[in-house]
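Before any comments, here is the structure.
Throughout, read-outs are computed from the coordinates displayed, never taken from laboratory work. In this text, all values refer to a predicted model and were calculated from it rather than measured experimentally.
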């Protein structure tokens, strides 16, 4: 073998090993990323981490079924209670209206004879000679009307000579007078009325005032 050939073989550069490219970074999947993120947030103080079972046991399924049945039962009770309350309100309103109508009907029925007597009195007053009879008849009718009103709970307020009471009297004017004490009712212009103790209409009065010296 030629020495020059050996030298050339020995002096040939040694082959360089191939460099493989660095492994590509793989993005973490969403599940692992979510688990990592969830794991990085500490739970609230005093709160236990929520454990979500992958499967439900027979006892858990039975408990959920019972809870659902109970919730449905409570909902049915609520719906029935609302319907019963609405029916109760309607019944009370209807009974109240009927009661008022019956009360008005009874009062009007009692007033019809008074109306008949007024018509009869007017029909009988055909001449001046019958005036006294007419006056007597009207007085009887007035007494009958007052009796009907008293039976219905109506009470007259007689304010003549009484101390002025703003809860029952309405002052139309003040007039100097020595007939009654100062601040007392001098004249009653229109009567007042109460119904079962409740004021219907105040008495319209003129109040006495002490004359100036």
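The eigenvalues of the Cα gyration tensor, multiplied by 5 and square-rooted, give segment 135-213 an equivalent ellipsoid with semi-axes of 29, 16, 8 Å from largest to smallest. Divided by 2.2 N^0.38 Å, where N counts the residues, the Cα radius of gyration of segment 61-152 comes to 2.50. Antiparallel versus total DSSP beta bridges in segment 156-213: what percent is that, nearest 5? Approximately 60 percent, going by the DSSP bridge assignments.
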